[in-house]
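What follows is a short report on a single structure.
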Amino acid sequence: QVQLVESGGGLVQAGGSLRLSCAASGRTFSRYVMGWFRQAPGKEREFVAASGRNGASTSYADSVKGRFTISRDNAKNTVYLQMNSLKPMDTAVYYCAASQALVVPTTPGRYDYWGQGTQVTVSS
């Protein structure tokens, strides 16, 4: 099955930037819609961004629209999340996920594979 490994998390001041990466195993990476979710302590896992199979179609949560950018490089089996203008409310564990859905889904239940998560902490 598909294995996903996130990296790039860390501690950053408000207003700063981070770039998360998610490396996927297998030769069928381009068949999957890729998404990013995040979960803060005591909160539900929430949708952040997603990218269609060729990267042309993207979707963003209203809370990150204009600040975050999702992209993918199918040749490298990697999806990225560029996070700019970070706010303390962005603090969470960020998860990469892969979906076999025909369209770009925004709910966790539509994703089939998940990474282990990477911590992002934004200080005020």
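The values are calculated or read from the model by the stated rules, or taken from the named source; none is laboratory data. Note that the structure is a prediction, hence the values are computed from the model and not measured. For the accessible areas, the whole protein counts, side chains as well, though only heavy atoms, and no ligand, DNA or RNA atoms are used. Shrake-Rupley method; radii C 1.70, N 1.55, O 1.52, S 1.80 Å.
A few remarks follow.
- Of Gly15, Gly55, Gly35, the one that fluctuates the most in a GNM where the chain has Cα springs shorter than 10 Å: Gly15
- Result for the chain in a Gaussian network model with C-alpha springs under 10 Å: among Arg27, Arg53, Arg110, the largest mean-square fluctuation is at Arg27.
- Of the solvent-accessible surface of the chain, computed with a 1.4 Å probe and all protein chains present, 47% belongs to carbon and sulfur.
- Segment Gln100-Arg67, length gained on full extension (0.36 nm per residue, minus Cα span): 9.2 nm
- Separation of alpha-carbon centers, the stretch 102-124 and the stretch 1-41, rounded to whole Å: 8 Å
- Structural descriptor for the chain: relative contact order 35 percent, calculated from alpha carbon pairs under 8 angstrom and at least 6 residues apart.
- When the Gaussian network model of the chain links Cα atoms closer than 10 Å, the mean-square fluctuations of Gly26, Gly42, Gly16 top out at Gly42.
- Summed over the residues of the chain and divided among them, the accessible surface reaches 51 Å² per residue at a probe radius of 1.4 Å.
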